[in-house]
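Read through the structure below, which is laid out as structure tokens, and then see the notes.
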Amino acid sequence: MHHNIPVTPRRRSRARAVVLGTACLTAAASTVALAGPAGAQVSNGSLAAPAPLVVSTITQLQDAIKSAAPGTVIKLKSGTYNGVLNIQRSGTAALPITLTNNGDGPVTLTASLRMPSCGASSPDPNRTITFGSGASYWTITGLNIRGGIMIMGGNAGKVRHWLNTKSLDWQARRAVPGRGSYNPTGIDSSTPYLQNKVGVPLRPSYGIKIVNNDLSLKGIHSAMNKRGVIAGNQIHDIACGVGPGVWLGSYSDGWQLTGNTVHDIAQSTFKHYMQEGIRIGGSSAYNTVSGNTIYNLPGDGRAFTTDEDGSWNTFTKNTARNVAIGFNDQMSGWGNFWTYNTVTTFRTSGFGFRMKDAGLKLPSMNSSTNKSTISCNTATGGKISLQAGAMMDSTFNRNAFTEVQLSPNLRNYWTSQGDMWNGSTKPPAQFVNSFTTGC
């Protein structure tokens, strides 16, 4: 005989924990027990958070996620939980849903996942935790997660396809709100605009917070999600063919990436972007990347990268070491800020700016770096501090660089295209020590 554990609302500020033990192992009993109260009405008429749920089995955990209400706190007792977690429900900005440990020892989430080949060329969708259909306002904290996190906005694939069809049409890409000029309101207004373009409802996730976790085997990928936080995590020992430690793609806007450590990502056999540290691409914008450390990337791995219209992002006070390129502004990065960053022990260059366009007689609006600000950065421990192939309307100021390497074409049009070096319209000297003291 199975006994359901009743959970009743408590009209007090300090809710008691409901411990769900092994007596509730059947799906039916566990589902009823985990449903919990919808939240009690408090004196001002607002909805109070339901009592915390303490779980001890993967079945209980999966059921808790399926039935969580705004404000639910799901606490995991010490141990290993083996199974995929699909998150479809949402909290609110005022009452997020929290997944965390119970404070009685380490908690590991893992799953039996399909692993891609080392030649894979796109982010691996098979992860231990998956957010789908616009599930929003969750906080995941204090856990060991082996197998990574995928945050997939509803119909994000349609948006990615539309962006791919415009790869040679910069006017269409920059017509999306917030992409053609600095305008942070584009974080929200871009969604209805793109929805009209693709002809299907779009459901981005908002307010996902991944804080103070240890992630291994696979990292974090976001597609078309807004205003999340990835902070204080250890992201390490990532398998080949999976993708970067953190990848914000397909209009993932307004994220805060702060105080994370990313290291030891296995080398893939296809493209550099599959073995990077933190990558912001697919027209993702208005993200802040600050105080992160990335090291031990093999092959042509870049520590911090923008690509494919990644624009109006801020990279500040980050550190990279033992990488191919420390900081890299790739295809059509517009308006990115690179300030107070440090790279040591680099193999190719400390900072790179669209080397692929080095052969162009003039910079391209479709693919070249535009309106970037590069100030107060330091690059040591490698030969070429700065490599730049093509850029326009960009400013360098008081960076501690040694050898600077500009393409001949860039040097020729530097002044006419509005580039600046330490207050001068003249380009820096080529292939010589151009060290400045920094800030």
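The values are calculated or read from the model by the stated rules, or taken from the named source; none is laboratory data. Because the structure is a prediction, the values reported are computed rather than measured. When we count neighbours, we look across all protein chains shown, and the Cβ atoms used for this are built from the backbone with ideal geometry, even at glycine. Ligands, DNA and RNA are excluded from the accessible area calculation, which covers all protein heavy atoms including side chains. Shrake-Rupley method; radii C 1.70, N 1.55, O 1.52, S 1.80 Å.
Inside the range 305-386, counting only strands (runs of 3 or more DSSP E) that do not spill past its ends, which hold 2 or more residues that are touching a helix residue (DSSP H, G or I) at 6+ places or on another chain (Cβ under 8 Å), more than 26 Å from Gly186 (Cα to Cα) and not polar (S, T, N, Q)?
Details: elements: 314-316, 319-329, 337-339, 342-353, 373-375, 378-380.
Output list is empty.
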Residue list for the range 248-295, filter: hydrophobic (A, V, I, L, M, F, W, C), out of contact with any helix residue (DSSP H, G or I) (no Cβ under 8 Å at 6 or more places or on another chain) and not in a loop (DSSP other than H, G, I, E, B):
Leu248, Leu257, Val262, Met274, Ile278, Ile280, Val289, Ile294
Can you say whether Ala358 is in contact with a Cys (Cβ under 9 Å, 6 or more places away or on another chain) and surrounded by 15 or more Cβ atoms within 10 Å (Cβ to Cβ), as far as the supplied structure shows?
no
Among the residues of the range 55-67, is there at least one that is within 22 Å of Ile149 (Cβ to Cβ), modelled with pLDDT of 95 or more, open to solvent by less than 50 Å² (accessible area, probe 1.4 Å) and part of a loop (DSSP other than H, G, I, E, B)?
yes
Of the residues that sit in the range 403-428 and are surrounded by fewer than 17 Cβ atoms within 10 Å (Cβ to Cβ) and touching an Asp or Glu at 6+ places or on another chain (Cβ under 9 Å), which one is farthest from Ser332 (Cα to Cα)?
Thr425
Of the residues in the range 183-217, how many are closer than 16 Å to Tyr286 by Cα and out of contact with any Gly (no Cβ under 6 Å at 6 or more places or on another chain)?
8
Across the range 399-426, what is the number of residues that are part of a loop (DSSP other than H, G, I, E, B) and either under 18 Å from Ser349 (Cα atoms) or within 28 Å of the chain's Cα centre (by Cα) (or both)?
4
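Which is under 22 Å from the mean Cα position of the chain (by Cα), β-branched (Val, Ile, Thr) and farther than 17 Å from Asn212 by Cα, of Thr108, Thr92? Walk me through how you get there before you give the answer.
On the way: Thr108 fails: farther than 17 Å from Asn212 by Cα.
Just one listed residue meets the conditions, Thr92.
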When you look at Cys376, is it under 25 Å from the mean Cα position of the chain (by Cα) and among the hydrophobic types (A, V, I, L, M, F, W, C), yes or no?
yes
Flag if Ser205 is of a type in the set (S, T, N, Q) and over 22 Å from Gln256 (Cα atoms)
no
Could you tell me which of the residues Thr373, Thr339, Thr348 is over 21 Å from Ser416 (Cα atoms) and open to solvent by 30 Å² or more (accessible area, probe 1.4 Å)?
Thr348
I need every pair where a residue in the range 84-109 that is under 11 Å from Gly142 (Cα atoms) has its Cβ under 7 Å from the Cβ of a residue that is small (Gly, Ala, Ser) and part of a strand (DSSP E or B), sequence separation at least 6 or different chains.
Val107/Gly79
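Please specify each residue of the range 377-393 satisfying the condition of being of a type in the set (Val, Ile, Thr) and in contact (Cβ under 8 Å) with a residue 60 or more places away in the chain. Don't jump to the end; show me each part of the working.
Taking the range 377-393 as the starting set, the residues that turn out to be of a type in the set (Val, Ile, Thr) are 378, 380, 384.
Thr378 - this is the single residue of the range 377-393 that is of a type in the set (Val, Ile, Thr) and in contact (Cβ under 8 Å) with a residue 60 or more places away in the chain.
Given the criteria on the phi < 0 side of the Ramachandran plot and in contact with a helix residue (DSSP H, G or I) (Cβ under 9 Å, 6 or more places away or on another chain), does Arg174 qualify? Even if it seems obvious, please write down each step before you answer.
Working: on the phi < 0 side of the Ramachandran plot: yes; in contact with a helix residue (DSSP H, G or I) (Cβ under 9 Å, 6 or more places away or on another chain): no.
For Arg174, the condition - on the phi < 0 side of the Ramachandran plot and in contact with a helix residue (DSSP H, G or I) (Cβ under 9 Å, 6 or more places away or on another chain) - is not met.
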Tell me, yes or no, whether the range 388-395 has at least one residue that is farther than 25 Å from Thr316 by Cα and either over 28 Å from the mean Cα position of the chain (by Cα) or open to solvent by less than 10 Å² (accessible area, probe 1.4 Å) (or both).
no
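Quick check on this structure: which one of Ala379, Ala400 is closer than 20 Å to Lys317 by Cβ and either at pLDDT below 95 or open to solvent by 10 Å² or more (accessible area, probe 1.4 Å) (or both)?
Working: Ala379 fails: either at pLDDT below 95 or open to solvent by 10 Å² or more (accessible area, probe 1.4 Å) (or both).
Selected residue: Ala400, the only one of Ala379, Ala400 that is closer than 20 Å to Lys317 by Cβ and either at pLDDT below 95 or open to solvent by 10 Å² or more (accessible area, probe 1.4 Å) (or both).
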Show the residue pairs meeting these rules: Cβ distance below 6 Å; 6+ apart or different chains; first residue within the range 166-183 and of a type in the set (Val, Ile, Thr); second residue surrounded by 13 or more Cβ atoms within 10 Å (Cβ to Cβ).
Val176/Ser190; Val176/Tyr193
Only one of Met331, Met365 is at pLDDT 95 or above, under 20 Å from Tyr273 (Cα atoms) and surrounded by fewer than 24 Cβ atoms within 10 Å (Cβ to Cβ); which?
Met331
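Say whether the condition of being farther than 30 Å from Val176 by Cα and touching a residue at least 12 places away in the same chain (Cβ under 8 Å) is met by at least one residue in the range 361-376. Steps first, answer last, please.
So in the range 361-376, the residues farther than 30 Å from Val176 by Cα come out as 376.
Keeping just the survivors that are touching a residue at least 12 places away in the same chain (Cβ under 8 Å) gives 376.
Yes, some residue in the range 361-376 is farther than 30 Å from Val176 by Cα and touching a residue at least 12 places away in the same chain (Cβ under 8 Å).
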